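The structure appears right after this line, and notes come after that.
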Amino acid sequence: MNYHLKALERHGLVELACERRKGNVTERLMQATAASYVISPLALAAVQPDPDRFRDQLSARWLLALGARLVRDVGSLITGAAKARKRLATYALDGEVRFASAAERAAFIQELTAGVSALIHKYDAPDAGAAAITGSWSPYTPRSRTSRTPHSTSNQQEPTMSKEFEIAREFEVDATPEQVWDAITSNTGGWMWPSEPPEPRVGGKGAMGSTVTAWDPPHRYTNRAEDVEGVEEQSLNQLDYTIEPREGGRRAWVRYVHSGILVDDWDNQYDAACRHTDFYLHTLRQYLTEFGGRPVVAFTTFDGPDTSKTADAFVAVGRALGLGDDTAEGTRVQARGPEGRRLDAVVDFRNPYFLGLRTDDAMIRFFGRNHWGYPVGISVHDFAPGADAKAVEAAWQDWLNGVFSQS
């Protein structure tokens, strides 16, 4: 105990309050030097977040990294000012704003950015001492303020609540950064679904009505879409890929961040998005390592009948394939496919929500979307020469309908 107290005293966290003599012993009473403490990221310097590594103004993680840097820098300035016995000049502004729509929020961000940039340009004196400016915006639960709470009446309807989300994943894969880049920009049909390659420039047209907001082959690609027609679940969607070489470029490290705003049913939609992310990224790795990133010959995706929405529907799919409930990932199986045809396949992915079969020429993906109130789905990525997408879909659609006794 005495050792730890001396260490705390040495670092200025506690100080001597008084001493009392008790017989042959001097009792030292210590007290805290402050009412509260903020732990600087410097305390864990080796793992402190670095905002310069990923610069994404719409990323919650980048916001946290900036906040950590603010804590570190202001803490150092306070310490330096105290030692110099000088007052530290700082200014902080705190406020809250409520946006009626995602579009108004986006307009606010643009105007705020333009206004702050203009002020920096106006008052920046290159030869003067530097001053740091850090600003942030984030959703939060407002503090209770009775005067600002709108009066509610019995005939008012509860508005639909929009909420931001972010899903981040990192992984390494036995593929070059160039192969990963081709897969996420030009050959998406090999692991997700086919889409037009993005226009190779910032501001260009991206997939599904998005706009390219970052383009640095083969290291960074970001696209962003707002209020896409036909997509009711989201008012904002952003996909961000960062790729770095490993082992001299023989392997790649990938960071994937999916963020945006879900309009309704947030918990259900977020859970579905998280789980789909893991399955799609696993399929991406399978595509790169097992099929060499080659172009898909035939792709199809479709849903089962409404009877496949039941709670036990996905269990029925596994059994219809001839898989035991305990058949694990990595098992080579003889699965029962369309018209009773046997498929020599490997179970490359399996959990209660998804199932992946990989043959020598194809990846067949089964989606247990019944868990989120939708029909079970199937996607087929066929790389066999001469494969016909219509024939593949017809065969597997009949098979899936047969599982649920539909024709």
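The values are calculated or read from the model by the stated rules, or taken from the named source; none is laboratory data. No experiment lies behind these values; they were computed from the predicted model shown. So basically every Cβ, Gly included, is an ideal-geometry build from the backbone, and we count neighbours across all protein chains shown.
Among (1) over 19 Å from the mean Cα position of the chain (by Cα); (2) modelled with pLDDT under 95, which single condition is GLY189 missing?
(2)
I'm trying to understand the selection: among the residues of region 1-54, which are at pLDDT 80 or above, under 43 Å from the mean Cα position of the chain (by Cα) and part of a helix (DSSP H, G or I)?
Correct list: HIS4, ALA7, LEU8, GLU9, ARG10.
For every residue, the table says whether it meets (1) of a type in the set (Lys, Arg); (2) under 21 Å from the mean Cα position of the chain (by Cα); (3) closer than 30 Å to VAL173 by Cα.
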{"residue": "GLU247", "(1), (2), (3)": "no, no, yes"}
{"residue": "ARG251", "(1), (2), (3)": "yes, no, yes"}
{"residue": "TRP266", "(1), (2), (3)": "no, yes, no"}
{"residue": "THR277", "(1), (2), (3)": "no, yes, yes"}
{"residue": "LEU284", "(1), (2), (3)": "no, yes, yes"}
{"residue": "GLY293", "(1), (2), (3)": "no, no, yes"}
{"residue": "SER308", "(1), (2), (3)": "no, no, no"}
{"residue": "ALA311", "(1), (2), (3)": "no, no, no"}
{"residue": "ALA328", "(1), (2), (3)": "no, no, yes"}
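Residue-wise test of (1) at pLDDT 70 or above; (2) aromatic (Phe, Trp, Tyr); (3) in contact with a helix residue (DSSP H, G or I) (Cβ under 9 Å, 6 or more places away or on another chain).
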| residue | (1), (2), (3) |
| --- | --- |
| LEU70 | yes, no, no |
| ASP73 | yes, no, no |
| ALA92 | yes, no, no |
| ASP127 | no, no, no |
| ALA130 | no, no, no |
| GLY135 | no, no, yes |
| GLU166 | yes, no, yes |
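Residue by residue, here is whether (1) within 25 Å of GLY189 (Cα to Cα); (2) assigned to a helix (DSSP H, G or I); (3) touching a Gly at 6+ places or on another chain (Cβ under 9 Å) holds:
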site	(1), (2), (3)
ARG319	no, yes, no
ASP325	no, no, yes
ALA328	no, no, no
ALA335	yes, no, yes
VAL392	yes, yes, no
ASP398	yes, yes, no
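Need pairs with beta-carbon distance below 6 Å; first residue within 21 Å of PRO49 (Cα to Cα) and surrounded by 14 or more Cβ atoms within 10 Å (Cβ to Cβ) and within region 61-87, second at pLDDT below 75 and of a type in the set (Phe, Trp, Tyr); sequence gap 6+ or separate chains.
TRP62/PHE54
Does at least one position in region 372-379 carry a residue that is more than 24 Å from CYS274 (Cα to Cα) and either modelled with pLDDT of 95 or more or of a type in the set (A, V, I, L, M, F, W, C) (or both)? Let's see the steps before the verdict.
Taking region 372-379 and keeping what is more than 24 Å from CYS274 (Cα to Cα), we get none.
No, the conditions are met nowhere in region 372-379.
Is at least one residue of region 339-360 assigned to a loop (DSSP other than H, G, I, E, B), over 29 Å from the mean Cα position of the chain (by Cα), touching a residue at least 24 places away in the same chain (Cβ under 8 Å) and closer than 29 Å to THR289 by Cβ? Full working, then the answer.
In the first step, residues of region 339-360 are kept if they are assigned to a loop (DSSP other than H, G, I, E, B); the result is 341, 351-353, 359-360.
Now restrict to residues that are over 29 Å from the mean Cα position of the chain (by Cα): 341, 359-360.
Then drop every residue that is not touching a residue at least 24 places away in the same chain (Cβ under 8 Å), which leaves none.
Looking through region 339-360, none of the residues is assigned to a loop (DSSP other than H, G, I, E, B), over 29 Å from the mean Cα position of the chain (by Cα), touching a residue at least 24 places away in the same chain (Cβ under 8 Å) and closer than 29 Å to THR289 by Cβ.
Report, by residue number, each residue of region 279-317 that is under 17 Å from ARG369 (Cα atoms) and charged (D, E, K, R).
If the condition is that a residue be under 17 Å from ARG369 (Cα atoms) and charged (D, E, K, R), then ASP303, ASP306, LYS309, ASP312 are the ones that fit.
Scanning for something touching a Phe, Trp or Tyr at 6+ places or on another chain (Cβ under 7 Å), in a helix (DSSP H, G or I) and touching a residue at least 24 places away in the same chain (Cβ under 8 Å), does region 167-184 turn up at least one residue?
Taking every residue of region 167-184 in turn, at least one turns out to be touching a Phe, Trp or Tyr at 6+ places or on another chain (Cβ under 7 Å), in a helix (DSSP H, G or I) and touching a residue at least 24 places away in the same chain (Cβ under 8 Å).
Confirm whether THR300 is under 29 Å from the mean Cα position of the chain (by Cα), farther than 25 Å from ILE167 by Cβ, of a type in the set (Val, Ile, Thr) and not in a loop (DSSP other than H, G, I, E, B). Before you say what the answer is, go through the steps one by one.
Details: under 29 Å from the mean Cα position of the chain (by Cα): yes; farther than 25 Å from ILE167 by Cβ: yes; of a type in the set (Val, Ile, Thr): yes; not in a loop (DSSP other than H, G, I, E, B): yes.
Yes, satisfied.
May I ask you to verify whether PHE314 is at pLDDT 95 or above, surrounded by fewer than 16 Cβ atoms within 10 Å (Cβ to Cβ) and touching a helix residue (DSSP H, G or I) at 6+ places or on another chain (Cβ under 7 Å)? It would help to see each step written out before you state the result.
Details: at pLDDT 95 or above: yes; surrounded by fewer than 16 Cβ atoms within 10 Å (Cβ to Cβ): no; touching a helix residue (DSSP H, G or I) at 6+ places or on another chain (Cβ under 7 Å): yes.
So PHE314 fails the test.
Given the structure, is ALA175 in contact with a helix residue (DSSP H, G or I) (Cβ under 7 Å, 6 or more places away or on another chain) and within 21 Å of HIS276 (Cβ to Cβ)? Show your work before the answer.
Details: in contact with a helix residue (DSSP H, G or I) (Cβ under 7 Å, 6 or more places away or on another chain): yes; within 21 Å of HIS276 (Cβ to Cβ): no.
No.
For region 236-286, name all the residues that are surrounded by 19 or more Cβ atoms within 10 Å (Cβ to Cβ), in contact with an Asp or Glu (Cβ under 7 Å, 6 or more places away or on another chain) and among the polar types (S, T, N, Q).
If the condition is that a residue be surrounded by 19 or more Cβ atoms within 10 Å (Cβ to Cβ), in contact with an Asp or Glu (Cβ under 7 Å, 6 or more places away or on another chain) and among the polar types (S, T, N, Q), then SER259, GLN286 are the ones that fit.
Could you please tell me which pairs satisfy a Cβ distance under 8 Å, a separation of 6+ or placement on different chains, a first residue in region 366-377 that is under 19 Å from PHE299 (Cα atoms), and a second residue that is assigned to a strand (DSSP E or B) and charged (D, E, K, R)?
Partner pairs satisfying both residue conditions: VAL376/ASP303; GLY377/ASP303.
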